[in-house]
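Since the structure comes first, as structure tokens, the remarks are kept for the end.
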Amino acid sequence: MDQDELKRQEDKCTQENPPACTAGCPIHVDARKMMLDIQKKDLKSALATLQKKQPFPGIIGRICDHPCEDVCKRKDVGTTISISALERFCVQNQPAKIAKVGMIPPKSQTVAVVGSGLRGLTAAYDLAKKGYKVSLFERTDRLGGSLWNFPEHQLPPEVIVEELSVLNRLNIQIELNTVITRQDLLKLQEDFNVVYLGLAKKSNDVLELLGEQSQADPVTCATVVPGIFIGAFLGNDSPINSVADGRMAAVSIDRYLQGVSLTGSREAEGTFETKLYVNTDEINPLPAVRISNETMGYTYEEAVLEAGRCLNCQCLECVKACIYLENYGSYPKKYLRQIYNNDTIVMGMRHGNKMINSCSLCGQCAVVCPQGLDLGETCKATRESMVSKGKMPPSTHDFALRDMAFNNSEEFALSRHQPGHKSSKYVFFPGCQLSASSPEQVEKVYEYLTESLSGGVALMLRCCGAPADWAGDQDLFQQSMKVLVAQWEGLGKPQLIVACSTCHSMFRERFPEVISLWELMANLDLPVQGTSASGGKVAVQDACTTRHEPVIHDAVRSILSKLGYEVEELPYSKELTKCCGFGGLTSFANPVLAKKIVEDRINESTTDYVAYCAMCRDNFASKGKRAFHLLDLIFGTDLEAAAIKPSVGLSYRHENRAKLKRKLLHLLWKEAPQEQEGAYRTINLLLNERVLGIMEDRRILIEDIQQVIEFAERSGRKFINPDNGHSLAHFRPVKVTYWVEYQAQEQGFVVLNVYSHRMEIVEESHE
């Protein structure tokens, strides 16, 4: 991903865009934060939030004409938040402190500001804070202009005086009772670097002073006379528009004096329409909190209640839906930057590896995102980039790739025409996970297909290559796919029937007319066993790899309907479905997160789940959720046993696949079962539940332990504890070193403890 692509992807994430209230405020007061401050009863912070954008919060907070309320999202579900009344509450219930003025390095340039209404006051305030020498000219005997016209109960005179006293602290030279004529203006041009005419829109003074040269650029406030700026006159002469007008002029004057562009990067000045997406579909309407005393304004309790109606506008649609995105405490725009930095780093630690490898690549984020941002797409591309450059540590996906290698080895891989056939119209591809979880179901499906379809149904056992694709190893994936294609072509290019949704997603762009087993069965007569299903209600877990496969979604529900089941749709189903934690190899890269993903999903309903992905079903069962595989309902006779069947452990998944191949070769093709290679397979292990649990958590297989013990017993390379006679040995078959503590008995070897690590034990040479 280059910089341009990064920027394009980042722009899709709207989370950092301001809420509508801030975008609708000409000076961009963070009303959302102010609401949170009031909710937390932190009025000091609320006032500071106002002071950050308002030059004179004690004044503006009392008289603001609140255009923010016109665009408040709460009006879509109730009544708009009373932002203006809450600003007034903040400044009335905590004395406004005079804004702190830091030590600003003084600048040599001088600015004359004519007029002390809100335009002139704001421009003078902003420029003085930047260190310019500002002189403020006012024709009357007091500053404030039309501020003195507000009713005293709304804007007390003492508040005006107190708020404007900050100008003295900023060392602004104030000239009262000073009328500026056209001749005086010429003198100001000689004495000051810049002159700003901060006069009201309806005033004739500007025309009298500048004549035909009084037109100003609406963006920069600059007139045709170099060094003279006037108001851009945004909208009407309302208080907040006047402040915004003065601020825009101050920005232009600062740029003018620095000799930089007056027009660059000013798109977000004034009011604008935010890109922030806010979903209000499931928010309950609420009316505004009534003010009990209009003269005094909100009480403390009323203000907290009214601020509590704020929606705290954010997008975060993907974060709400995805435990992975929630887990890292941020949102896609920031994740994209972290991923990019992790991929492009030349020297140093790559702290983003785990985050990149923890994504399930399921594509849910792209569906729920209003802009279609697919973070999984970026994670996958980054894995591929880092693997190709040798920058991705192989240990994360080592086990998954070893598992794939087993599935494509002679232990499991098989490609045969239907017994008694020399050609095949179809080929059944059950996938490696269903063969591991429920090998008996593979047998039943194959028998069903051969009885239901004419023209020959071949059988192909192996892995589709998804682990390599997910791990980012495209070379390995393409090699695997090349072998698979060759086997398919060797069968005469029959139509592929796949039971695994992941296999379907891997094949749909490579093989013509690939069809899901569920789509096929929905259009055929179901087995007789299925007609005796108990019925009832089940919640469907749609496989994440069928996200864009509505035909499969409908087929699954059609089958359930034929079986007499009522379907409960989970909050995230069909195209919005959630991954079970296996996709993208999440469970290998981040087991703790994978468990959270499973727990989140199974807590969405108390109804029994039915999945048509073997891993979904097994992952749910591993956490005690009553769950069926769809084939359990189609072929099963003991549904209660099927609902509570435990998940198959990693070691037994290998064993189930190998046994399935040997059994089918023996029963269907009358071939003698292939002898298992390797002396280590004769090692008989005695394992208790504690050790089996450790093996499952640490991805240690029975065959790994067998190899350690066989090597230790054959070579004598082991440690023996003299106190109890226990043996401790290690063996490194590929990239992982396995350690086993064991004790020999007549029946076999009792395994006492196991662990593994990615270090290589190197013996020191004594030559």
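Structure notes:
- For Lys333, the lysines whose Cα comes closer than 17 Å to its Cα, not counting residues fewer than 8 places off in the same chain, are Lys7, Lys12, Lys275, Lys320, Lys380.
- When the helices of the chain are scored as -39500 (n - 2.57) per DSSP H run of n ≥ 4 and the total is divided over every residue, the value at 222 nm lands at -12000 deg cm²/dmol.
- Centroid-to-centroid, using Cα positions, the range 693-744 and the range 174-207 are 91 Å apart.
- If you look at the Cα atoms of the range 375-449, you get an Rg and a Dmax of 17.7, 51 Å.
- Whole-Hz ³J(HN,Hα) from phi, Karplus 6.51 cos²θ - 1.76 cosθ + 1.60, for the range 317-334, glycine and proline x: 4, 6, 5, 5, 8, 10, 5, 4, 5, 5, 4, 8, x, 9, 8, x, 4, 6
- Computed over Cα pairs, the Kirkwood radius of the range 529-646 leads via Stokes-Einstein (1.002 mPa s, 20 °C) to a diffusion coefficient of 150 µm² per second.
- Measuring how big the range 47-136 is from its alpha-carbon positions, Rg and Dmax come out at 16.4, 53 Å.
- Taking amide H atoms as placed 1.01 Å from N in the peptide plane, the amide H of Glu568 lies under 5 Å from those of Val538, Ala539, Val540, each 5 or more residues away in sequence or on another chain.
- Positive minus negative residues near Arg266 (Lys, Arg vs Asp, Glu; Cβ under 13 Å): -2
- Debye-formula intensities of the range 317-392, expressed as log10 I(q)/I(0) at q = 0.13, 0.20, 0.26 Å⁻¹, are -0.36, -0.81, -1.26 (one equal scatterer per alpha-carbon, no solvent).
- Charge dipole (debye, nearest 20) of the range 317-392; +1 at Cβ of Lys and Arg, -1 at Cβ of Asp and Glu: 280
- Summing Lys and Arg as +1 and Asp and Glu as -1 over all other residues whose Cβ lies under 13 Å from the Cβ of Glu519 gives a net charge of -1.
- Members of Lys391/Lys718; Lys130/Lys187; Lys389/Lys623; Lys129/Lys187; Lys444/Lys623 lying beyond 31 Å, as alpha-carbon distances in this model show: Lys391/Lys718; Lys389/Lys623
- Estimated Rh, the range 450-594: Kirkwood, alpha-carbon pairs, angstrom: 17.2
- Measure of compaction for the range 679-757 (Cα Rg per 2.2 N^0.38 Å): 0.99
- For the range 110-258, the Kirkwood radius over C-alpha pairs fed into Stokes-Einstein at 37 °C and 0.692 mPa s yields D = 217 µm² per second.
- In whole angstrom, the range 1-85 maps to an equivalent ellipsoid with semi-axes of 28, 16, 13, each derived as √(5λ) from the alpha carbon gyration tensor and ordered largest first.
- In degrees, nearest ten, helix 702-715 long axis to first principal axis of the chain (Cα): 60
- For a label point 7 Å along the Cα-to-beta-carbon line of Asn312, residues of the range 6-41 with backbone N under 18 Å: 15-22, 30-41
- Alpha-carbon Debye profile of the chain, log10 I(q)/I(0) at 0.10, 0.11 Å⁻¹: -1.01, -1.14
- Viscosity 1.306 mPa s, temperature 10 °C, Stokes-Einstein D of the range 295-336 from Kirkwood C-alpha radius, µm²/s: 122
- 12 Å beta-carbon shell around Glu710, net charge (K/R +1, D/E -1): +1
- Equivalent ellipsoid semi-axes, the range 466-541, via Cα gyration tensor eigenvalues times 5, rooted, Å: 31, 18, 9
- Using θ = phi - 60° in the Karplus curve 6.51 cos²θ - 1.76 cosθ + 1.60, the 3J(HN,Hα) couplings for the range 605-621 round to 7, 8, 5, 4, 8, 10, 10, 10, 10, 4, 6, 4, 4, 5, 5, 5, 5 Hz; x is entered for Gly and Pro.
- In plain terms, the residue of Ser647, Ser501, Ser437 with the fewest other Cβ atoms within 10 Å comes first and the most crowded comes last, giving Ser647, Ser437, Ser501.
- Remark: the range 261-389 is approximated by an ellipsoid whose semi-axes, taken from the C-alpha gyration tensor as √(5λ), come to 41, 20, 15 Å, largest first.
- Relative to the longest principal axis of the Cα atoms of the chain, the long axis of helix 439-452 makes an angle of roughly 80 degrees.
- 14 Å Cα-Cα reach of Lys334 towards aspartates and glutamates, excluding residues that sit fewer than 8 places from it in its own chain: Glu10, Asp11, Glu16, Glu326, Asp374
- Relative to the longest principal axis of the Cα atoms of the chain, the long axis of helix 375-388 lies at roughly 60 degrees.
Bear in mind these aren't lab numbers, they're just calculated from the coordinates by the rules spelled out. Quick caveat: nothing in here was measured; it's all calculated off a predicted structure. Here the Cβ is made from the backbone with ideal geometry for all residues, glycine too, and neighbour counts use every protein chain on show.
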